[in-house]
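Novice: The structure is given below, and queries will be raised subsequently.
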Amino acid sequence: MQKLLAEIRNCKHCEPHLDLGARPIIAASENSKILLISQAPGRIAHLKNKAWDDPSGKLLRKWLQVDESQFYNTDHFAILPTGFCFPGKGKSGDKLPRKECAPLWHSKVMHQFKNVQLKILIGNYAQTYYLKNKPRTLTETVQNYQSFLPEYFVLPHPSPRNRFWIQKNPWFTNEVIPDLQKVVTKILST
């Protein structure tokens, strides 16, 4: 696993297309229990070279009901974005992750894990990549989260940009998050 992670962290495959250059971010161990599969690191993650060390990460940890030490323990959580590098700024937020990244690396990484019990798909992009029979909208996908269990748990991205979606859909906070916390607590206690 360590050799593969080093190879990914040194990848320059998409560098000509990236605003700030290549700086792949991934965190994993062969013993990771839960995979956090998301879109791509943001600008702050790129500058700090650390995923989820921002307001989105703070909310995600709250949803998961874990502290930073649990979250960044790679035996608990692997951080596996569909694009490992910050793709740059677009018209209404960050650009989409490069399409080459997940097909180039994900299956190689997946074969290294020995103890994965759950894959959390964060945001529409990760859900579209991994779910074969995904509903058309993020709302429909998250409303039907139980149909993807036990392999996948689907979540919206915890970005501050999605605060209105979260406010508009109180069932997410009242029903989905408690179920997520139960599943995560059970996995981490084994």
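Novice: Take the solvent-accessible surface of the protein heavy atoms, probe 1.4 Å, and return the percent of it on region 1-127 that carbon and sulfur atoms account for.
Specialist: 49
Novice: Just going by the charge dipole of the chain, with Lys and Arg at +1 and Asp and Glu at -1 on Cβ, which of Met1, His76, Ser38 is farthest out on the positive end?
Specialist: In the chain, that residue is Ser38.
Novice: Now, a different point. Show the residues, 5+ positions off or on another chain, whose built amide H is closer than 5 Å to the amide H of Ala28.
Specialist: Ile79
Novice: Simple spin-label model, 7 Å along Cα-to-Cβ: Lys168 to Gln65 in nm?
Specialist: 2.8
Novice: Mind putting together the pair-distance distribution for the chain? All Cα pairs, 10 Å bins, whole percent per bin, short to long.
Specialist: All Cα pairs considered, the percentages come to 9, 39, 39, 13, 1.
Novice: Can you tell me the dipole magnitude for region 36-176 around its Cα centre, using point charges on the Cβ only (Lys, Arg +1; Asp, Glu -1), in Debye to the nearest 20?
Specialist: Result for region 36-176 is approximately 540 debye, rounded to the nearest 20.
Novice: On average, how much accessible surface per residue is there in region 71-154, in Å², for a 1.4 Å probe, leaving out ligands, DNA and RNA?
Specialist: Dividing the accessible area of region 71-154 by its residue count gives 50 Å².
Novice: Another question, if that's okay. List, in the order given, every pair from Lys114/Lys186; Lys91/Lys134; Lys50/Lys95; Lys95/Lys168 whose Cα-Cα distance in the structure shown is over 21 Å.
Specialist: Lys91/Lys134; Lys95/Lys168
Novice: Let me ask something else about it. Could you give the radius of gyration (one decimal) and Dmax (whole number) of the Cα atoms in region 5-63, in Å?
Specialist: That works out to 12.6, 36 Å for Rg and Dmax.
Novice: A further question follows. If you take the charge dipole of region 5-149 about its Cα centre, with +1 on Lys and Arg Cβ and -1 on Asp and Glu Cβ, which of Pro135, Ile25, Leu104 is farthest toward its positive end?
Specialist: Pro135
The values are calculated or read from the model by the stated rules, or taken from the named source; none is laboratory data. Here the structure is a predicted model, which means the values were calculated and not measured. No Cβ is skipped: glycine too gets one built from the backbone with ideal geometry, and neighbour counts run over all protein chains shown. Please note that ligands, DNA and RNA were not included when accessible areas were found on the heavy atoms of the full protein model with its side chains. Shrake-Rupley method; radii C 1.70, N 1.55, O 1.52, S 1.80 Å.
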